[in-house]
Amino acid sequence: MADLSNKFEYSEKDDCTRFMGDKLIIRIPEHYTMLGYLVIAEVVHVLGIFPMNVDGVDCGLQIPGVIDVDPSDIRTETINDKKYTILELHKGDRIMCTSSVIKDGKLHYAMWKEFIGGGKMPEYLDYDATACLFDDCKKITGKGIDVNHAVIEIVYAHIYRDRDDLTKLYRLTPMTKPPVNIKLNQPAYATNSTHARIIGSYAEQGMNTALIHQNAENVEIEDIFRQ
């Protein structure tokens, strides 16, 4: 990853961070509006977790808090069937109008619901970098995910799948191709036996999965049912 630190400059006098490159494009997913974390006013109030392009280099910002951005241009675009609010900044524009971030004790829940529960992981994160998504939450918002980091990594290992077969965990593949992530509440892909898929509250989803993806390995509980 290229070092882009020289593209930004903090002004202690104005208490703001300015973009010092030529062009900065920020892509904010439409669902941030529904979350209440994208408000366009005199400046743009937005959750500081989004993909961006800095002078032709794709990267991302990861601040678990609402920041104020003062762009030169605001527009909407549809990219790969997804709607985005596009913020365009030029040299001297403020990417953070102030270094102060208001603590939001509900933000970590909103992040978990959207990124993990909803399967809408930030586009700039790769499989390895995902593990640090919630690391700064408690420091910035006042509340975090108070479990051992290994527990969160187990969740990540579950939601990341082989893009050619969603029943396969990505970590059990050669990992030569980028993965896709599923929603945490997709039981059709959370189970590993036919019985587990068709028994329960999500039987319809599980039945479809059982018909499409037949088990290649024997499961002990199914042997019990056969007896």
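Per residue, what volume in Å³ does the convex hull of the Cα atoms of the range 83-143 enclose?
Cα convex hull per residue, to the nearest whole number: 132 Å³.
Around Ile49, which amide H atoms from residues at least 5 apart in sequence, or from another chain, sit under 5 Å from its own amide H, with H modelled in the peptide plane?
Here Ile63 satisfy the definition.
Ranking Phe115, Phe8 by Cβ neighbours within 10 Å, fewest first, what do you get? All intermediate terms of the calculation are to be shown ahead of the outcome.
On the way: Phe115 20, Phe8 15.
Ranking Phe115, Phe8 by Cβ neighbours within 10 Å, fewest first, gives Phe8, Phe115.
At q = 0.09, 0.13, 0.19 Å⁻¹, what base-10 log of I(q)/I(0) does the Debye formula yield for the range 1-125 when every alpha carbon is treated as an equal point scatterer in vacuo?
Debye output, listed in q order: -0.24, -0.51, -1.12.
How about Lys103: which lysines have a C-alpha closer than 21 Å to its C-alpha, ignoring those fewer than 8 places off in the same chain?
Straight-distance partners of Lys103: Lys113, Lys138, Lys139, Lys143.
Read-outs: derived from the displayed coordinates by stated rules, not from any lab. Computed from a predicted model, the values in this text were never measured in an experiment. No Cβ is skipped: glycine too gets one built from the backbone with ideal geometry, and neighbour counts run over all protein chains shown.
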